[in-house]
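A short worksheet on the structure shown next.
The values are calculated or read from the model by the stated rules, or taken from the named source; none is laboratory data. Fair warning: this is a prediction, and the values are worked out from it, not measured in the lab. Every residue, glycine among them, receives a Cβ derived from its backbone with ideal geometry; neighbour counts consider all protein chains shown. All accessible areas refer to the heavy atoms of the entire protein, side chains included, with ligands and DNA or RNA removed. Shrake-Rupley method; radii C 1.70, N 1.55, O 1.52, S 1.80 Å.
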Amino acid sequence: MGTITTTDGTDIFFKDWGSGQPIVFSHGWPLSADDWDTQMLFFLAQGYRVIAHDRRGHGRSSQTSDGHDMDHYAADLAALTEHLDLHDAIHIGHSTGGGEVAHYIAQYGEERVARAVLISAVPPIMVQTDANPGGLPKSVFDDLQAQLAANRSNFYRALPSGPFYGYNRPGVEPSEAIIENWWRQGMMGGAKAHHDGIVAFSQTDFTEDLKKISVPTLVMHGEDDQIVPFADAGPLSAELVQNGTLKAYPGFPHGMPTTEADTINADILAWLRA
């Protein structure tokens, strides 16, 4: 574990375990590097070096008042890869982290990058626009910001208890431990970072970013994703990247790296070794 300080004075916390080819994990909103614990331990055991950081304003990183946008997220990730002098890295991003990975590769190039994996990721763009009629209305994201501002603790219980992990579906047994861990990670971060982050993940258009990505890219998406709906995300992203593979999962929720970790981990490993 360690921290780096970015050029604007933000401290970014990270974990760095093992040796071998590096896998860098970018977490979803409003979580932290801890959300990757299962993946990090799994790939560490497979001989990889595993690295995950807390995004600015999240987890144990600085609760800065600004910079909560994809340009800063990508710059922070670039600063981390440069600090650790990573080469031939595999970048894996979940949800907002998938947008961070796409923007990082497009902005900073592929010299240090071997492959990318986008899981339940927000690209190409979530919000509904004239160019993206299948997106979600802006009012959906305005409501998320309103709930966060009104009572963040309640909001951070409701989201994982329901649509994030699909626990609102008939016959699905909620895991209180998973719900509490989501709440714990969320409450570690800063309210303003999370409030601004909703705009970052919903309104950023990653279309041109995706077109620039030529490294092999695995796009994994659950067909029952209630946070980033499947049809307007995974298939479109897989088509936009130059060397994409789409893997769809019937019935899997947005938080499938946690609830379906065995399947997700095995499929990533098989793709890396193919």
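Observations, loosely collected:
- Taking the protein heavy atoms of segment 1-137 in the context of the full set of protein chains, the accessible area attributed to carbon and sulfur is 47 percent at 1.4 Å.
- Given their separation in residues at 0.36 nm each and the Cα-Cα distance between them, T245 and N168 gain 24.8 nm when the chain is fully extended.
- Label-point separation in nm, D143 to D130, each point 7 Å along Cα→Cβ: 2.6
- Theoretical ellipticity at 222 nm over the chain - DSSP helices of four or more residues, -39500 (n - 2.57) apiece, nearest 500: -12500 deg cm²/dmol
- Summarising the amide proton neighbourhood of S26: residues at separation of 5 or more, or on other chains, whose placed amide H is nearer than 5 Å comprise I92, G93, H94.
- Three-way shape call for segment 122-180 based on the alpha-carbon gyration tensor, with the a/c threshold at 1.5: oblate
- Length-normalised contact order for segment 115-179 - Cα pairs under 8 Å, 6+ apart - percent: 15
- Segment 1-157: relative contact order in percent, alpha carbon pairs under 8 Å with at least 6 residues between: 20
- Dipole in debye (nearest 20) - segment 93-239, about Cα centre, beta carbon charges: Lys, Arg +1; Asp, Glu -1: 360
- Given R0 = 41 Å, the distance between the Cβ atoms of N154 and D11 translates into a calculated FRET efficiency of 0.90.
- Taking packing as the residue-averaged number of other Cβ atoms within 10 angstrom, the listed peptides 4-12, 169-177, 91-99, 153-161 run from highest to lowest as 91-99, 153-161, 4-12, 169-177.
- At a probe radius of 1.4 angstrom, the accessible area of segment 1-51 per residue rounds to 37 square angstrom.
- Counting only residues at least eight positions apart within a chain, or on another chain, the aspartates and glutamates with an alpha carbon under 18 Å from that of K247 are E223, D224, D225, D232, E239, E260, D262, D267.
- Eligible lysines near K192 by straight Cα distance, threshold 23 Å, same-chain separation 8 or greater: K138
- Segment 116-274, accessible area per residue, ligands and nucleic acids excluded (1.4 Å, Å²): 42
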